[in-house]
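Asker: Below is a structure I'd like to ask you about.
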Amino acid sequence: MKPILLDTDVLSHYLNNESTTVLYAEKYIQEFRQLSISIITHYEVLNGLYYRDARRRLIVFEKFTALHQILPLTLESVEISARIFADLRQTGRPIGHTDTLIAGVAMANGMQLATNNTAHFERIEGLELVNWTK
């Protein structure tokens, strides 16, 4: 099994204890010991929790981040992300900056991306996708 980076939507499924996603995660953790998210996903989750003033959910998320890996942006991941964004924009099929940054982190680290948002991410050449929600 190849290392996997969780997209924000899959992390939300996991944190909501959705059974299919939890089963995939448990199997993954047996092999890799921890899950991985990007610093962009960390930002997106915090943004949503602060906006909703979801204190209890914030505690759950803080416990998650203490146990699992948060991958930073690096020069390499930013370069990859910028190329992805420019390429998609030139073809008239852009996706959001946060999605391109998440994809760049996955690609820079040689990881597949676990997402339910395949419509956006399948546009990115060379990015391997898995869906942990189905």
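All of the numbers you see were taken from the coordinates with simple rules; none came from a lab. Since this is a predicted model, take the numbers as computed values, not measurements. Cβ sites come from the backbone with ideal geometry, for glycine too, and all protein chains shown count toward neighbours.
Asker: What is the Cα centroid distance between region 94-117 and region 12-91, reported in whole angstrom?
Answerer: For region 94-117 versus region 12-91, the Cα centre distance is 10 Å.
Asker: Could you tell me which GluC sites (Glu not before Pro) in region 70-134 are loop residues by DSSP with no more than 11 other beta carbons within 10 angstrom of their beta carbon?
Answerer: Numbers: sites: GLU76, GLU79, GLU122, GLU125, GLU128; in loops: GLU122, GLU125, GLU128.
Here the sparse-neighbourhood loop sites are GLU122, GLU125.
Asker: Checking a compactness column here: for region 4-60, what do you get for Rg(Cα) / (2.2 N^0.38 Å), N being the number of residues? Each step should come with its number before you reach the end.
Answerer: Numbers: Rg = 11.8 Å, N = 57, 2.2 N^0.38 = 10.2 Å.
Against the empirical 2.2 N^0.38 Å value, I get 1.16 for region 4-60.
Asker: Just the projected area, averaged over all directions, of the convex hull on the alpha carbon atoms of region 47-134: how many nm²?
Answerer: On the way: hull surface 27.6 nm².
For region 47-134, averaging the hull's shadow over all directions gives 6.9 nm².
Asker: With an 8 Å Cα cut-off and a minimum separation of 6 or more residues, compute the relative contact order for the chain in percent.
Answerer: Numbers: 176 pairs, mean separation 43.2, N = 134.
This gives 32 percent for the chain.
Asker: Here is a follow-up. In what order do TYR43, TYR28, TYR51 fall by count of nearby beta-carbon atoms within 10 Å, going from fewest to most?
Answerer: TYR51, TYR43, TYR28
Asker: Using the Cα centre of region 4-130 as origin and beta-carbon charges of +1 (Lys, Arg) and -1 (Asp, Glu), tell me which of LEU71, PHE61, ALA103 is placed farthest towards the positive end of the dipole.
Answerer: Ranked along the dipole, the leading option is PHE61.
Asker: Right, something else. Over all Cα pairs of region 1-100, how is the pair count split among 5 Å bins, expressed in % and running from 0 up to the last occupied bin?
Answerer: Taking every Cα pair in region 1-100, the percentages come to 2, 11, 19, 21, 18, 14, 10, 4, 0.
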